[in-house]
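The values are calculated or read from the model by the stated rules, or taken from the named source; none is laboratory data. Just so it is clear, the structure is predicted and the values come from calculations on it, not from any experiment. Cβ sites come from the backbone with ideal geometry, for glycine too, and all protein chains shown count toward neighbours. Note: accessible area is taken over every heavy atom of the protein model, side chains too, but ligands, DNA and RNA are not part of it. Shrake-Rupley method; radii C 1.70, N 1.55, O 1.52, S 1.80 Å.
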Amino acid sequence: MARHERKSKKGAWLWIGIIACICVMLYAGAAIYTQTKEYAQGDQLYGSLQDAVVKQDAETGQISAEDAAAGRIDVAELRRISGGAVAWIYSEDTVIDYPVMQGADNSYYLTHLYDGTDNKVGAIFLDYRNSADFSDKNSVLYGHHMKSGKMFASLKGYKDQDYYNGHPHLFLYTQGRTYRIDLFAGYVVDGTANDIEFNPDDEALQSFAAEAKSKSTFSSDVTVGAGDRIVTMVTCTYDFKNARYAVVGKLSEI
């Protein structure tokens, strides 16, 4: 009788283990399905917006690459459709080709697409403390480092000199103005630090640029002088807990 009871208990625990494993598998499967669905939803929505605002004739190849990039985005149409985009950011031959949003805080667009849809893909967004017209000395952009390689994930490429050599700048389109972001530094920072200066004086900005270049994962001959403005792009990296990778460039109007 005792042996039969031990076998029964052993069988019960075996079934409990099997059921627990099935539950874990179902949970993991549901999480993967949800993530895949959200990625697809984000791709579809941003792809549709690109189709609407990217001027196709700007890539005919009959004009210089920079002139083509300068006229690439219909900003008026972007603002009409998006209902709040402050700019568009574009990096040639990469996935970075997105609207730039700005919320009332730095949390909303971590979990919402540009149209307000709840989605972990989020959006590229300007720090809520910055001026929407990028007139500040240091405008800060944030974007997820997606496992799919989308959003700001490709910024990690700047940890390699060859990648920088192939992608030394990005383009930023605002209302009435187009800028080239000439990159001069990329470095790992502590994401818990809250020491961003949005409007340092010229001396402080040049000091910041020099320090950033000293820590940079790539070398650049771009210099920052009096009167210049910069853009800092920030995404997650996994060098240590709460690590962020910041890529910094000088704004040059074109």
Two pseudo-spin positions, 7 Å from Cα along C-beta at D201 and at A243, lie apart in nanometres by 3.6 nm
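Decide, for region 35-146, between rounded, prolate and oblate: order the square roots of the alpha carbon gyration tensor eigenvalues as a ≥ b ≥ c, take rounded if a/c falls under 1.5, and otherwise choose prolate if a/b is larger than b/c, else oblate.
Values: a/c = 1.89, a/b = 1.28, b/c = 1.47.
Oblate is the answer for region 35-146, as a/c is 1.5 or above yet b/c matches or exceeds a/b.
Can you send over the carbon and sulfur percentage of the accessible area for region 89-150, probe radius 1.4 Å, protein chains only? List each step's numbers first, then the result.
On the way: 1130 of 2410 Å².
On region 89-150, the fraction of accessible area on carbon and sulfur atoms equals 47 percent.
Classify region 78-136 from the C-alpha gyration tensor, please: rounded if a/c falls under 1.5, else prolate or oblate depending on whether a/b exceeds b/c. The partial results should precede the final answer.
Working: a/c = 1.41, a/b = 1.03, b/c = 1.37.
The shape class here is rounded.
Is region 174-246 rounded, prolate or oblate when judged by the Cα gyration tensor, a ≥ b ≥ c being the square roots of its eigenvalues, rounded requiring a/c under 1.5 and prolate requiring a/b larger than b/c?
Details: a/c = 1.59, a/b = 1.47, b/c = 1.08.
Verdict is prolate for region 174-246.
For V86, what is the net charge nearby, where nearby means another residue's Cβ is under 10 Å from its Cβ and Lys, Arg count +1, Asp, Glu -1? Please report the intermediate quantities before stating the final value.
Numbers: positive: R79; negative: D133.
Spelling it out: positives minus negatives among the neighbours equals 0.
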Pseudo-spin-label distance R129 to D160, built 7 Å along Cα→Cβ, given in nm, is 3.5 nm
Just report the Cα centroid separation between region 205-237 and region 92-106, whole Å.
20 Å
Is there a pair in K55/K213; K150/K250; K120/K156 whose C-alpha atoms are over 29 Å apart, and which pairs would that be?
K55/K213
Given a Förster distance of 30 Å, report the FRET efficiency between Q50 and A210 from their Cβ-Cβ distance, rounded to the nearest 0.05.
0.20
